[in-house]
Amino acid sequence: MQDVIRTIDTCRVCGADDWLEVYSFGSHPLANGFLEPTDPLPEEPAFPLDVVVCRDCRLMSIRHEVRPDVMFSDYVYVTSESALIAGHMERIVDWAHERAGLTEGDLVVELGSNIGTQLTYFQRRGLRVFGVDPARNLIEIANENGVPSRAAFFGRESAARVAAEHGKAKFVLGRQCFAHIPDVHDVLDGVTSVIADDGVLAIEVPYLVDLLAENQFDTIFHEHFSYYSVSTLDRLFTSHGLRLVDVQRAPVHGGSIIVFATPQDSPVATRDTVGAILGHERALGLHSDRPYLEFAANTASVIDHIRDFVRGLVAMGKRVAGYGAPSKGCALLQFCGLTAAEIEFVTDTTKGKQGKLTPGTHIPVCSPEEAKDTPPDYYLLLAWNYADEIIANEHEFLDAGGRFVVPIPSPRVVSSRWRDAAAA
Ligand code: TMP
Ligand code: ZN
């Protein structure tokens, strides 16, 4: 059997081997490795988590790769049903129409399609769709929901099979999955084999600029191999005969970019947005070491700040729980060393997480209904990327005197008075 983890020597985008060492989080269990509450608990394997930047193409990545099939063949995360994401998915379909000139019956292929939620938005507009995702448990649900999908890692082989069975795709989409891919060259070879000559590729990733500016250190965990800027994606796509035609920013998952590309010679025009954002990245100094080293210093201090803040509340006799158990929340708890000693429970809407324990920190996860019976004094908002929506929905908790601690970019408290002031 292949080893579960390997250390990379060369950059997965450009092949260089000149690394800037940015930050070491130490060794941690997988952020989605929720545990059954058995007695005794099983041993949890822990893997190193070291952040590096390639000094050539400036890809930020983690140095150790856990085998993708270990993390993704059976997956607990299902696409969020939040209003923010629903609106975003509708916008993706509009953008696809505007950029790829879609007409009824055209094929849309999605990689990392999860349970097929995004593809249903395309189906409702009369498009043919096909989803590819490595998680067998999710693909089963997608097919039951009427979204034709296959359990496979998207790449040369699986894409050629889609093209042979369904024809070429006018629109190829990968939402929030590209960071999870170690062999990006195999995936882009797959894209170029399935995309129509005038087709458009859209890749949505959390934006490195937002990650650095907002201290989003908790989005760094084993599943996320790479953290992309537009300039690194530009270089990568160009090396596969793809031309960037547009970049949009979106307020999802803490700040994301959707990068649109097309085969080099396609008639699709390049928009001014591309040159503008590349210029912006140069102005920010992303090609130098400075922003990454600043991020490392901020990370160390925010981790201390969050830990001290929560421990201070507990020392004052306050009850603290976690709101949401996203993988980044599990990572944050691990990095801050916050365990069941400080955090009474974590509430999450995902059925597959409820009744389990958070990986490494062993905090029980319960449903929102259970949490309502014993609300804490403070909720540490681990799903901070939905802060506005959650704070608006939780008016009863706030009106009863409850408070949120939003940990990122640095801990701040939200009470009903603050909410009312913000709304005024
Ligand atoms: P995501 O940021 O990767 O989409 O994960 C969000 C997690 O937070 C997911 O486990 C569901 C959970 N969640 C809640 O428990 N309540 C909520 O209101 C929202 C929006 C998310
Ligand atoms: Zn590189």
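The values are calculated or read from the model by the stated rules, or taken from the named source; none is laboratory data. Everything numeric in this text was worked out from a predicted model, so none of it was measured. A quick note on method: Cβ atoms are made from the backbone with ideal geometry, for glycine too, and the neighbour counts reach across all protein chains shown. Calculation scope for accessible area: heavy atoms of the full protein, side chains included, ligands and nucleic acids excluded. Shrake-Rupley method; radii C 1.70, N 1.55, O 1.52, S 1.80 Å.
Report, in debye and to the nearest 20, how large the dipole of region 287-411 comes out about its Cα centre when Lys and Arg carry +1 and Asp and Glu carry -1 on their Cβ.
Charge dipole, region 287-411, about its Cα centre: 340 debye, nearest 20.
Where the Cα atoms of the chain are projected onto their three principal axes, how long is each span, largest first, in whole Å?
Largest first, the chain extends 65, 55, 47 Å along its Cα principal axes.
Between ARG311 and GLU98, what FRET efficiency follows from the Cβ-Cβ distance if R0 is 56 Å, with the result rounded to 0.05?
0.65
Just going by the charge dipole of region 5-63, with Lys and Arg at +1 and Asp and Glu at -1 on Cβ, which of PRO48, ILE62, SER27 is farthest out on the positive end?
Of PRO48, ILE62, SER27, it is ILE62.
Placing +1 on the Cβ of each Lys and Arg and -1 on the Cβ of each Asp and Glu in region 167-266, which of LEU201, SER256, ALA179 has its Cα farthest towards the positive end of the resulting dipole?
Of LEU201, SER256, ALA179, it is LEU201.
Using θ = phi - 60° and the Karplus relation 6.51 cos²θ - 1.76 cosθ + 1.60, list the HN-Hα couplings for region 36-42 in order, rounded to whole Hz, with x at every Gly or Pro.
Working through the residues one at a time gives 5, x, 8, 10, x, 6, x Hz.
Output the lone cysteines of the chain: those with no second cysteine's C-beta under 4.7 Å from their C-beta.
CYS177, CYS330, CYS336, CYS366
Could you grab the Rg to Rh ratio for region 326-386? Cα atoms only, Kirkwood for Rh.
Checking Rg against Rh, the ratio lands at 0.92.
By per-residue mean of other Cβ atoms within 10 Å, what is the highest-first order of 5-12, 124-131, 52-59?
Most protected by this proxy first, the peptides run 52-59, 124-131, 5-12.
Can you tell me the orientation of helix 156-166 relative to the chain, as the angle in degrees between its alpha-carbon axis and the longest Cα principal axis, to the nearest 10?
Its long axis makes an angle of about 70 degrees.
Would you pull out the residues with amide H under 5 Å of ARG175's amide H, same chain only if 5 or more places away, H placed 1.01 Å from N?
Excluding prolines and chain starts, which carry no amide H, the hits are LEU111, GLU204.
Read phi for every residue in region 319-336 and hand back ³J(HN,Hα) as whole Hz from Karplus 6.51 cos²θ - 1.76 cosθ + 1.60, θ = phi - 60°, with x for Gly and Pro.
Once θ is set to phi - 60°, the couplings for region 319-336 become 8, 10, 10, x, 10, x, 10, x, 4, 5, x, 5, 5, 4, 4, 5, 5, 8 Hz.
When the Kirkwood hydrodynamic radius is evaluated over all pairs of different C-alpha atoms of region 83-267, what value in angstrom, to one decimal, is obtained?
Hydrodynamic radius (Kirkwood, Cα only) of region 83-267 equals 16.4 Å.
Tell me the angle of helix 83-100 to the major Cα principal axis of the chain, expressed in degrees between 0 and 90 and rounded to the nearest ten.
So the inclination is approximately 10 degrees.
Evaluate the charge dipole of the chain about its Cα centre and quote only its size in Debye, nearest 20, assuming +1 on the Cβ of each Lys and Arg and -1 on the Cβ of each Asp and Glu.
So the magnitude is around 500 debye.
Could you order peptides 20-27, 232-239, 218-225 by the average number of other Cβ atoms within 10 Å of their residues, highest first?
Result, highest mean Cβ count within 10 Å first: 218-225, 232-239, 20-27.
Averaged per residue, what accessible area in Å² does the chain show with a 1.4 Å probe, protein chains only?
Result: 40 Å² per residue.
Sort 207-216, 146-155 for me by packing, meaning the mean count of neighbouring Cβ atoms within 10 Å per residue, highest on top.
207-216, 146-155
Is region 5-63 rounded, prolate or oblate when judged by the Cα gyration tensor, a ≥ b ≥ c being the square roots of its eigenvalues, rounded requiring a/c under 1.5 and prolate requiring a/b larger than b/c?
Judged from the Cα gyration tensor, region 5-63 comes out prolate (a/c at least 1.5, a/b above b/c).
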